[in-house]
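The values are calculated or read from the model by the stated rules, or taken from the named source; none is laboratory data. The model shown is predicted, which means the values in this text are computed figures rather than measured ones. So basically every Cβ, Gly included, is an ideal-geometry build from the backbone, and we count neighbours across all protein chains shown. The protein model used for the area step is the full one, side chains on, heavy atoms only, and it has no ligands, DNA or RNA in it. Shrake-Rupley method; radii C 1.70, N 1.55, O 1.52, S 1.80 Å.
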Amino acid sequence: MKAMVFSEKADLSSQMLTLFRNTFEMDLYTTSNENLLNFGAKNVFKLTGNNLYVDNISEKLAEMYKNNGYDIIIIGSSAMGREISSLLSEILHLEAITEVMKIEPKDGIIATERFFYGGKTVIREESEAKIFTVLPGLVDPQPVNSSSTENNISIDKDSAIKVVDQIEKPKSSVNLEKADIIVSAGRGIGKKEGLAVIQQLADVLHGEVGGSRPVCLDYHWLSEERQVGLSGKRVKPKVYVACGISGQVQHIAGMRGSRMVIAINKDKNAPIFNECDYGIVGDLYAVIPKLIEAMKK
Amino acid sequence: MYNIIVCFKQILDIDQMKVDESTQEPILKNLPYRLEDLSKNAIEEAVRIKEKYGGKVIGITYGGDQATLAMKEALAMGVDEGIILKGYKENNPEITSDVLAKKISGMQYDIIIMGNQSADSYTGLVPGKVARKLSIPLVGNAIKLEMADRRVRITRTGEEKNLVLESNLPALVTVEQEINEPRLPPLIQIMAAGRKPMKIEEIQVNVKSTKKVIWNRAPKSERKRIVFEDVDKGVAEISKVLKGEVK
């Protein structure tokens, strides 16, 4: 089967090419400027243009899909990727399934697996869908020895949307997806100052600090790049220490890949205790200093 | 003055959802419904546009028997009129986008607001599909929204940069959680919501989807679940384990 693969991101592109190189013959379409020629795509098409946005990119991809006889379209899951998949699904009248972790073709039917109910469950579906978006971080990119053919495609059509300004964000200071040890703070810390003790524990463990959705997005006590959860970072450290985190499904789905989970929470009925290897029922402000002291011994 | 449409979704309360230990399937019986998280942000933003620039907000939801509850909450938050499209049976963006677009195509509107992804299914397909069916621009993932000269201007989050985007109206804008803090309507507004116009229309679905659910179950948790209620004992045990992990 011949697959059209798109992502605006280099990391997602190389991940998808690694993940599916034994299943499909793939051409990569991307707006990234990074070198993606050695990840197993037959062709790499670089999309260029003055005002690239989801609408004119989708229209060009639809045209290429029809002209080049692809069987399916695989798109990296990002805000842009999901938008493009929804537009492509309408332009080409093809069904789409987003945020999948698995794509298994068999006899014209494709089986997919994706999170459902906010990450509480995984749903396996079979369909004749032709468009899929794939979650990031499913695989570490592996280069191949052969090189793809490089092509350029310029998109002349203007977007209906105008970019009137670009606001630089502070450079990312942390990559939680790559951290070995993460100490995460939840609503249970109660105040921003509570992060100090979380940081101390992280320092002792040589780990990074993460946070739940309320801590990062509602209270802004931590930056959004530290948010662990289905809508934030999906992490897989060796050790994940959840402090004052109740364990809502959204959060669990983001840290389920952790090898060991330790939970500290004063509510013994908190759902996090069902998702941990070791737990302590107690006030984190009493427990953590003791834990730090014990670690220093 | 703007004609504003806000589309929102009612979902099962996933945070109260339990899993059957033997089958790993979710137990849906007696599970309450709630207004979906980003739907609240969408409603809030629609009402703020009305309050700031003038106009009228019409709320649309494609739902089941319980949808009146979600609509009443939206009306209490400041939506002026509600339309319930009744007949929702399954999570399927093909169907939902078709139902919404058919209804909206016969209406007057300048701007449509939706959440960018729902908290239960996370497909994120409905806004783009509706926008394309209506042949209007999709302006996605807003964390800030302003209207000026019959145009909409949003700030969209990006990984390294945030983009400020502008589009002519009519347009469909999706919002992220950061855009606002949804209001909790005071009791008087909840009471008054009952007097606002609310239409219920039965929907016949004739969209074909090839999607079949094979299973839907919670991943098996292989965690040890050794939980200490004695803090000192827990600290002693856990620090021992941690020392084995931390170099």
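Give the accessible surface of the stretch A:176-296 per residue, rounded to a whole number of Å², with probe radius 1.4 Å and ligands, DNA and RNA excluded. Could the numbers behind the result be given before it?
Values: 4550 Å² over 121 residues.
With all protein chains present, the stretch A:176-296 gives 38 Å² per residue.
Net charge near B:Ser39, counting Lys/Arg +1 and Asp/Glu -1 over other residues with Cβ under 13 Å of its Cβ?
Numbers: positive: B:Lys9, B:Arg34, B:Lys40; negative: B:Glu36, B:Asp37, B:Glu44, B:Glu45, B:Glu73, B:Asp120, B:Glu176.
Around B:Ser39, the charge tally is -4.
Of the GluC sites (Glu not before Pro) in the stretch B:1-62, which ones lie in a loop per DSSP and count no more than 11 other C-beta atoms within 10 Å?
Details: sites: B:Glu21, B:Glu36, B:Glu44, B:Glu45, B:Glu51; in loops: B:Glu21, B:Glu36.
Here the GluC sites (Glu not before Pro) that fit, given the DSSP loop and packing criteria, are B:Glu21.
Rank B:Met107, B:Met1, B:Trp215 by how far each Cα sits towards the positive end of the charge dipole of chain B (+1 on Lys, Arg Cβ; -1 on Asp, Glu Cβ) and give me just the farthest.
B:Met107
Hey, got a sec? Which trypsin sites (Lys or Arg not before Pro) in the stretch B:67-137 land in a DSSP loop and have at most 16 other Cβ atoms within 10 Å?
Details: sites: B:Lys72, B:Lys86, B:Lys89, B:Lys102, B:Lys103, B:Lys129, B:Arg132, B:Lys133; in loops: B:Lys89.
The qualifying sites are B:Lys89.
Quick one: how many Å² of B:Lys224 are accessible to a 1.4 Å probe, rounded to 10?
For B:Lys224, solvent-accessible area is about 120 Å².
By the gyration tensor of its Cα atoms, with a ≥ b ≥ c the square roots of the eigenvalues, what is the shape of the stretch A:176-296: rounded for a/c under 1.5, prolate for a/b over b/c, or oblate? Could you put the intermediate results ahead of the total?
Values: a/c = 1.19, a/b = 1.18, b/c = 1.01.
Rounded, since a/c falls under 1.5.
Can you send over the carbon and sulfur percentage of the accessible area for the protein assembly as shown, probe radius 1.4 Å, protein chains only? List each step's numbers first, then the result.
Details: 11240 of 23850 Å².
Within the protein assembly as shown, the accessible surface is 47 percent carbon and sulfur.
Once amide H atoms are placed 1.01 Å from N in the peptide plane, what residues at a sequence separation of 5 or more from B:Gly124, or on another chain, have their amide H within under 5 Å of its amide H?
Under 5 Å from the amide H of B:Gly124 lie the amide H atoms of B:Ser118, each far enough along the sequence or on another chain.
Which distance in nm do the two modelled labels at B:Asp65 and B:Glu237 give, with both placed 7 Å along the Cα-to-Cβ direction?
Between B:Asp65 and B:Glu237, the label points sit 4.6 nm apart.
Per DSSP H run of at least 4 residues, take -39500 (n - 2.57); add these up for chain B, divide by its residues and hand me the 222 nm value, nearest 500 deg cm²/dmol.
Working: 6 runs with 71 residues, N = 247.
The per-residue figure over chain B is -9000 deg cm²/dmol.
Please give the net charge around A:Met260, taking every other residue with its beta carbon less than 10 angstrom from that of A:Met260, where Lys and Arg add +1 and Asp and Glu add -1. Provide the component values of the computation, followed by the final result.
Details: positive: A:Lys238, A:Arg259, B:Arg223, B:Lys224; negative: A:Asp277, B:Glu245.
After counting each charged neighbour, the total is +2.
How big a patch of accessible area, both sides summed and in Å² to the nearest 100, lies buried between A and B at a 1.4 Å probe?
Numbers: alone 15630 and 15610 Å², together 23850 Å².
In total, chains A and B hide about 7400 Å² from solvent.
Could you compute how much accessible surface A:Val139 exposes when probed at 1.4 Å, giving the result in Å² to the nearest 10?
40 Å²
Starting from the Cα of A:Arg259, step 7 Å toward the Cβ, then list every residue of the stretch A:176-202 with an amide N under 20 Å from that point.
A:176-184, A:202
Compute the signed sum of charges (Lys and Arg +1, Asp and Glu -1) over the other residues within less than 13 Å, Cβ to Cβ, of B:Thr23.
On the way: positive: B:Lys18, B:Arg217, B:Lys220; negative: B:Asp20, B:Glu21, B:Glu25.
Around B:Thr23, the charge tally is 0.
Given the C-alpha centroids of the stretch A:213-243 and the stretch B:158-177, what is the distance between them in whole angstrom?
24 Å
Quick one: 3J(HN,Hα) in Hz for the stretch A:185-194, Karplus 6.51/-1.76/1.60 with θ = phi - 60°, rounded, Gly and Pro as x.
With coefficients 6.51, -1.76 and 1.60, one gets 9, x, 3, x, 6, x, 8, 4, 4, x Hz.
Across every pair of different alpha-carbon atoms, what Kirkwood hydrodynamic radius in Å does chain A reach?
Working: mean 1/r = 0.0478 Å⁻¹.
Hydrodynamic radius (Kirkwood, Cα only) of chain A equals 20.9 Å.
What figure, in Å² to the nearest 10, do you get for the accessible area of A:Asp156 with a 1.4 Å probe and non-protein molecules left out?
Surface open to solvent at A:Asp156 totals about 130 Å².
When all alpha-carbon pairs of the stretch B:50-209 are counted, what percent fall beyond 29 Å?
Working: 2308 of 12720 pairs.
Value for the stretch B:50-209 (Cα pairs over 29 Å): 18 percent.
Nearest 10 degrees is fine. How inclined is helix A:79-91 to the longest principal axis of chain A, computing both from alpha carbons?
Here the helix axis deviates by roughly 40 degrees.
Indicate the residues belonging to the stretch A:150-175 that lose 40 Å² or more of solvent-accessible heavy-atom surface (probe 1.4 Å) upon moving from the chain alone to the assembly of all protein chains, ignoring ligands and nucleic acids.
A:Ile161, A:Lys162, A:Val164, A:Gln166, A:Ile167, A:Lys169
Top to bottom by accessible area (1.4 Å), largest first, where do A:Glu104, A:Glu128 land? Don't jump to the answer; show the numbers that get you there.
Working: A:Glu104 70, A:Glu128 100 Å².
Reading off the accessible areas and sorting them downward yields A:Glu128, A:Glu104.
Give the residue from A:His93, A:Phe20, A:Asn51 lying farthest towards the positive end of the charge dipole for the stretch A:2-154; charges sit on Cβ (+1 for Lys and Arg, -1 for Asp and Glu) and the dipole is referred to the Cα centre.
A:Phe20
Can you run phi through the Karplus equation (6.51, -1.76, 1.60; θ = phi - 60°) for the stretch B:79-95 and list ³J(HN,Hα) in whole Hz, with x for Gly and Pro?
Once θ is set to phi - 60°, the couplings for the stretch B:79-95 become 5, 8, 9, x, 10, 9, 9, 9, x, 5, 10, 9, 6, 8, x, 4, 6 Hz.
A:Val139 versus A:Asp267, label points 7 Å from Cα toward the beta carbon: distance in nm?
The answer from the label model is 4.0 nm.
Springs between alpha-carbon atoms under 10 Å, Gaussian network over chain A: tell me which of A:Lys66, A:Lys169, A:Lys233 tops the mean-square fluctuations.
It is A:Lys169.
Give the calculated FRET efficiency between A:Lys169 and A:Lys192 to the nearest 0.05, with a Förster radius of 25 Å applied to their Cβ-Cβ distance. Each step should come with its number before you reach the end.
Values: r = 21 Å, r/R0 = 0.83.
Step by step, r from the Cβ atoms, then E = 0.75.
Which whole-number value in Å³ per residue fits the convex hull of the alpha carbons of the stretch A:2-154?
Working: hull volume 15.9 nm³, N = 153.
Enclosed volume per residue, from the Cα hull, is 104 Å³.
For chain A, what is the mean residue ellipticity at 222 nm derived from helices alone (per DSSP H run of n ≥ 4: -39500 (n - 2.57); sum divided by total residues; nearest 500 deg cm²/dmol)? Don't skip to the answer; put the middle values down first.
Numbers: 6 runs with 69 residues, N = 297.
About -7000 deg cm²/dmol.
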